Amino acid sequence: MKKIIVSSFVLFMSLAGVAHAAGDAIAGKDKAAACVGCHGVDGNSMVPTFPNLAGQGEKYIAKQIADFKAMTTRKDDTMVGMSAMLATNQDALDVGAYFAAQKLNSTAPVDESKLALGREIYKGGNLQTGIPACQGCHGPTGAGNSAAGYPQLGGQFVEYLMKQLHAFKDGSRSNDDRAMMRDVMGRMTEAELEAVAHYIASLK
């Protein structure tokens, strides 16, 4: 009985350590030095093809770094080299914690003529074609769900968003949870994709 109790305690402490594994934002600042050329010193990108990382979820960033390193479900010629510089999962978590602690100051321009349709789909989906509301995972303001690993989208550049939406649609990006993004993007028209991208960019 004593052995069972001791074993259970050891197992509990082990699981607790995993559950509470988190990044160190202070350590992450130095580790993120190579990222600032594209994503900005504080995670606010000045180039529309590079995503804003400020305020992005730590868990999401760490997963993307791991996926870029693996070169299977998400591929990028630049990011494969940059992610390789982060040797351990803790390094990725630290970088994620640093950017998660930064404030998003988006400068993403939008086409206001597309916002009405974009809002309609983002908030309510399209029942006729089986498109669910985007806010179900990414929140009403595009803040995402950090605990679930669903990314912050609000304020991202339209150019970057369109690139990722197309990648999910054609299957060249496949690191989405249970293929949800690929399934949804496969049901959306180009006009719907553009409208949603512009609406998301407007959520600042």
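Rule-based calculations on the coordinates, nothing more; no lab input. Note that the structure is a prediction, hence the values are computed from the model and not measured. Neighbour counts are summed over all protein chains in view; Cβ atoms, including those assigned to glycine, are modelled from backbone coordinates with ideal geometry.
Ranking 133, 146, 193 by how far each Cα lies toward the positive end of the dipole of the chain (charges on Cβ) leaves 146 at the top.
The local environment of residue 24, defined by Cβ-Cβ distances under 13 Å, has a net charge of -2 under the rule Lys, Arg +1 and Asp, Glu -1. For the cross-link pairs 29/75; 69/204; 75/123; 103/123; 31/103; 103/204, which exceed 20 Å when the distance is taken from alpha carbon to alpha carbon? As for pairs spanning more than 20 Å Cα to Cα, those are 29/75; 69/204; 75/123; 103/123. Going through [x] 67, 41, 29; [y] 48, 35, 27; [z] 53, 45, 27, the figure that equals Cα extents along the principal axes in Å as computed for the structure here is [x]. Extending 7 Å from the Cα toward the beta-carbon at both residue 182 and residue 27 defines two label points whose distance is 3.4 nm. Counted residue by residue at 0.36 nm each, then reduced by the alpha carbon distance between them, the extension gain from residue 89 to residue 189 reaches 32.3 nm.
FRET efficiency for the residue 148 to residue 111 pair, using the beta carbon distance and R₀ = 30 Å, is estimated at 0.50.
The order of the peptides 129-136, 76-83, 154-161, 192-199 by mean Cβ neighbours within 10 Å, most packed first, is 192-199, 154-161, 129-136, 76-83. For the chain, the membrane-span-like helix rule (DSSP H, alpha carbon extent of at least 20 Å along the helix axis, mean Kyte-Doolittle at least 1.0) picks out 2-19; this says nothing about an actual membrane. Summing charges over all other residues whose Cβ lies under 13 Å from the Cβ of residue 101, with Lys and Arg as +1 and Asp and Glu as -1, gives -2. Based on DSSP H segments of at least four residues, each scored -39500 (n - 2.57), the chain has a per-residue ellipticity at 222 nm of -16000 deg cm²/dmol.
Legend: ranking of residues 138, 166 from fewest to most surrounding C-beta atoms inside 10 Å; resulting order 166, 138. Ordered by the number of other Cβ atoms lying within 10 Å of each residue's own Cβ, fewest first, 174, 113, 106 fall into the sequence 113, 174, 106.
Under the rule a/c < 1.5 gives rounded, and otherwise a/b versus b/c splits prolate from oblate, where does the stretch 144-204 land using the Cα gyration tensor? Oblate shape, in that a/c is at least 1.5 and b/c is the bigger or equal ratio. Counting every pair of alpha carbons in the stretch 33-72, the share spaced more than 11 Å apart comes to 65 percent.
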